[in-house]
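Quick notes on the structure that follows.
Since every read-out is calculated from the coordinates, none of them should be taken as a lab result. Everything quoted here is computed from the prediction, not taken from an experiment. Counting neighbours? That spans all protein chains shown, and the Cβs are built from the backbone with ideal geometry, glycine included.
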Amino acid sequence: MKDLKKRYRKNPKDIEIITRLALSYRKSNYYDNANNLFLRCLKLDPSNFIAYYNLGEIYLGRGDLKRSKLCFKKTYEIDSEQLYFMFNHESMPVMTHSLISEMRLFQS
């Protein structure tokens, strides 16, 4: 993570670096730091699928269902195919899968 922080300080508007650092923070359970960086990603790139998806999971973990649903809905709007793939190939946590099922995003 040290290298990513250093790279971020040199390139504070590089979406790839910001996203990687945010993911690293999230993986290390630094949710506030991850949350702030994902929000920064969205300021720079409002169509960032990864940022919306991860914010949705962070909000879900905090029990903020309203924000979580908004993020997952936006994720769906940005790239429904990728979200559908994740939904159907067991590559998302059970709580996220349950919430997205409840939202009925993939029902015709």
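Summary of computed values
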| item | result |
| --- | --- |
| Binned Cα-Cα distances of the stretch 60-105, short to long, each 5 Å bin given as a whole percent | 5, 22, 35, 26, 10, 0 |
| Inverse of mean 1/r across different Cα pairs in the chain, Kirkwood, Å | 14.2 Å |
| Percent RCO, i.e. relative contact order, over the stretch 4-51, from Cα pairs under 8 Å lying at least 6 residues apart | 31 percent |
| Spin-label zone in the stretch 43-84 - amide nitrogen under 16 Å from a point set 7 Å from the Cα of Glu102 along the C-beta vector | 56-73 |
